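All of the numbers you see were taken from the coordinates with simple rules; none came from a lab. Because the structure is predicted, anything quoted here is derived from the model rather than measured. Heads up, the Cβs are rebuilt from the backbone with ideal geometry, glycines too, and the neighbour counts pull from every protein chain shown.
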Amino acid sequence: MDNINRFDSAVSYLTPMLSGLFLGLDSRDKQRIREIRLRSRRKAAVITDRGTEFILPSGRLTSVYSELAVETNEDEIGEIFRRLCGYSVYSCTESVNKGYITVSGGHRAGVAGTAVTENGKITAVRDICSINLRIAREIKGAANGIYKSVFANGLCSVIVAGPPSSGKTTVLRDLARQLSGKDSGNCRKVFVCDERGELGACVSGIPQNDLGINTDIITGYPKSEGIMTGLRSFSPDIIICDEVATYEEIEAVESGVNSGVCFALSVHARNMRELKTKPIIKRLIATGEFGKIVLLSGNGVCRTEKIFDAGELDV
């Protein structure tokens, strides 16, 4: 599926009026849009490579705020939420409680509303007032420079860091393809823990994204459990997972490292200062396994700011 069709599939979850406006955009605009942000009684906004823009009733984008821009109300937000859930809100409760819904094609919708809690735990989210639809894109070759630099001397472990929307998931997806693909001349055994369904975008068990010819994918498993499943059952050469953020996940990574498995992981970090100070990253580096760190720039998707040795952090 090319990225224009991916965009069209993502906006199909919107109401007919909004969907029609976005489907009517020209291909250049569709390629530029990364996120569609909808808020109750606010103007519909899109995030592009030029920043925040708005859509007019004429179906044209404008970077200048206009009172004429299309606005969404609570009824429309509610309908879009139900569409994203496949009209089965109950079946999506667990992911909604975590703040997102992943839909076919790997698109992820962030949802905001009012939490219902019990004993300090979120049991439901009601009164959805904001939806952020992130458009999933497959960019083959996005990891070319990283692959050639980091894996020039063989398989190793790498951390891919960057701010939100810098392309961490896209890079990991392409790394999986290249590490496992026939083009590399060495089809390594790759195991992908796709907790949120964004890397492989599996539908009925079939990945919609190309993750290579020698890759096994598990979807929906919490990363800590998924990593342990891979170690127990798939004898991988390398495990790939997105957005490592908890100590439980780090412990699973440590188990893998002790078993001789390499990892390609992503973490949130905007700059060198955050790389040096975030406890999660410090603990990953303390394993001694992650020799290389890739820092992606916030100025564009999949743009590498720097590739450096972990020792340069001096943490």
Checking ASP75 against (1) in a loop (DSSP other than H, G, I, E, B); (2) under 20 Å from TYR100 (Cα atoms); (3) of a type in the set (Asp, Glu), the condition it does not meet: (1)
Selection from the range 31-74 of residues that are crowded, with 19+ Cβ neighbours inside 10 Å and polar (S, T, N, Q): SER40, THR72
Count of residues meeting criterion [over 23 Å from the mean Cα position of the chain (by Cα) and not in a strand (DSSP E or B)] in the range 278-291: 4
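Examine the range 129-146 for a residue that is polar (S, T, N, Q), under 30 Å from LEU313 (Cα atoms), in contact with an Asp or Glu (Cβ under 9 Å, 6 or more places away or on another chain) and buried (at least 22 other Cβ atoms within 10 Å of the Cβ), and state whether such a residue exists.
Here is the first cut: in the range 129-146, the ones polar (S, T, N, Q) are 130, 132, 144.
After this cut, where a residue has to be under 30 Å from LEU313 (Cα atoms) as well, the list is 144.
Still in the running and in contact with an Asp or Glu (Cβ under 9 Å, 6 or more places away or on another chain): 144.
Checking the rest, the ones that are also buried (at least 22 other Cβ atoms within 10 Å of the Cβ) come to none.
No, there is no match, as no residue in the range 129-146 is polar (S, T, N, Q), under 30 Å from LEU313 (Cα atoms), in contact with an Asp or Glu (Cβ under 9 Å, 6 or more places away or on another chain) and buried (at least 22 other Cβ atoms within 10 Å of the Cβ).
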One residue from LEU199, LEU155, LEU172, LEU179 being under 26 Å from ASN5 (Cα atoms) and either in a strand (DSSP E or B) or out of contact with any helix residue (DSSP H, G or I) (no Cβ under 7 Å at 6 or more places or on another chain) (or both): LEU172
Residues of the range 189-217 satisfying the condition of being surrounded by 20 or more Cβ atoms within 10 Å (Cβ to Cβ) and either β-branched (Val, Ile, Thr) or touching a Leu at 6+ places or on another chain (Cβ under 6 Å) (or both): VAL190, VAL192, GLY200, THR215, ILE217
Filtered residue count, the range 235-251, keeping only those that are surrounded by fewer than 15 Cβ atoms within 10 Å (Cβ to Cβ) and either assigned to a loop (DSSP other than H, G, I, E, B) or β-branched (Val, Ile, Thr) (or both): 3
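Name the single residue that is farthest from the chain's Cα centre (by Cα) among those in the range 1-41 being outside any loop (DSSP other than H, G, I, E, B) and hydroxyl-bearing (Ser, Thr, Tyr). Outline the logic, then answer.
So the first thing to find is which residues in the range 1-41 are outside any loop (DSSP other than H, G, I, E, B), and the list is 3-11, 16-23, 27-32, 35-40.
This time we only want the ones that are hydroxyl-bearing (Ser, Thr, Tyr), so: 9, 19, 27, 40.
Numbers: SER9: 17, SER19: 23, SER27: 23, SER40: 25 Å.
Out of the qualifying residues, it is SER40.
Would you pick out the residues in the range 47-70 that are over 27 Å from the mean Cα position of the chain (by Cα), on the phi < 0 side of the Ramachandran plot and in contact (Cβ under 8 Å) with a residue 12 or more places away in the chain? Reasoning before the result, please.
Taking the range 47-70 and keeping what is over 27 Å from the mean Cα position of the chain (by Cα), we get 56-60, 64-70.
Filter once more, so that each one left must be on the phi < 0 side of the Ramachandran plot: 56-58, 60, 64-70.
Of everything in the range 47-70, those that are over 27 Å from the mean Cα position of the chain (by Cα), on the phi < 0 side of the Ramachandran plot and in contact (Cβ under 8 Å) with a residue 12 or more places away in the chain turn out to be LEU56, PRO57, TYR65, SER66, LEU68, ALA69, VAL70.
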All positions within the range 188-213 that are of a type outside the set (D, E, K, R) and more than 16 Å from ALA264 (Cα to Cα): GLY197, ALA201, CYS202, VAL203, SER204, GLY205, ILE206, PRO207, GLN208, ASN209, ILE213
Search result, residues across the range 26-50 that are touching a helix residue (DSSP H, G or I) at 6+ places or on another chain (Cβ under 9 Å) and farther than 24 Å from THR170 by Cα: ARG39, SER40, ARG41, ALA44
Matching entry among ILE77, ILE101, ILE122 (being surrounded by 18 or more Cβ atoms within 10 Å (Cβ to Cβ) and over 19 Å from ALA201 (Cβ atoms)): ILE77
